[in-house]
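Laboratory data are not the source of any read-out in this text; all were calculated from the coordinates shown. In this text the structure is predicted, and so the values were computed from the model without any measurement. Glycine gets a Cβ as well: all are built from the backbone with ideal geometry, and neighbour counts include every protein chain shown.
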Amino acid sequence: MAMKHLASDPRRRAASAREIAETYDIPLELMAKVLTRLVRSGLLVSHHGVRGGYELAQPPAATSVAAVLEAMEGPLTMTACTKGDDRCDQFSKCNVRDPLHRIRDRIAAILAECSISEMAADPGPSASPVTVMPSAMVRRTSVLSAASREP
């Protein structure tokens, strides 16, 4: 969200952690940690002082979604065995490891082809509040809806 926020600003000005956090209703402490990680990975540059803040280290078209995800989460993996170790009891007999590796490689290629500028071009959803329902409430609502449809 922070990378898209910065890429979406046509003036390419620096934005503070507070500004980004407040825009998306994210706790400031969490946003600060995210921004710090992006700076350490070289995707953002931070400036201190009154007019300080964070800005993209390179043009949005030069930053892939894959680079951002890797900075935040580490290498893309689908299973523990993608690291090549044999901690899994089924490692020697596994018949899905290689297909999953190929799927992972295809996903990684798609993420590498998509740039932050492409994401910034998508306006996204309107800024309406989100209501989160506990899973128990969702099941109850589904059951009640199904019951009301029965003859």
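With 0.36 nm allotted per residue and the present C-alpha distance subtracted, the Ala61-Ile103 stretch has 12.6 nm of extension available. Applying the Karplus relation 6.51 cos²θ - 1.76 cosθ + 1.60 with θ = phi - 60° to the stretch 11-21 yields 3J(HN,Hα) values of 7, 6, 7, 6, 10, 7, 4, 4, 4, 5, 4 Hz, where x marks Gly and Pro. The distance from the alpha carbon centre of the stretch 3-48 to that of the stretch 51-116 is 22 Å, rounded to a whole number. Size descriptor for the stretch 2-124, Kirkwood hydrodynamic radius: 16.3 Å (Cα pairs only, one decimal).
Where Lys and Arg each count +1 and Asp and Glu each count -1, what net charge lies around Ile110 among other residues with Cβ under 12 Å from its Cβ?
Working: positive: Arg104, Arg106; negative: Asp105, Glu113, Glu118.
Result for the neighbourhood of Ile110: -1.
Going by neighbour counts of Cβ atoms within 10 Å, the residues Tyr24, Tyr54 line up, fewest first, as Tyr24, Tyr54. Once the chain from Asn95 to His48 is taken as fully extended at 0.36 nm per residue, the excess over their C-alpha distance is 11.7 nm. Each residue of the stretch 97-107 was assigned a 3J(HN,Hα) from its phi angle through the Karplus curve 6.51 cos²θ - 1.76 cosθ + 1.60 (θ = phi - 60°); the sequence is 4, 5, x, 5, 5, 5, 5, 4, 5, 5, 4 Hz, with glycine and proline shown as x.
Annotation: amide H of Leu44 within the under-5 Å range of Val39, Ala57, sequence separation 5 or more or interchain, hydrogens built in the peptide plane.
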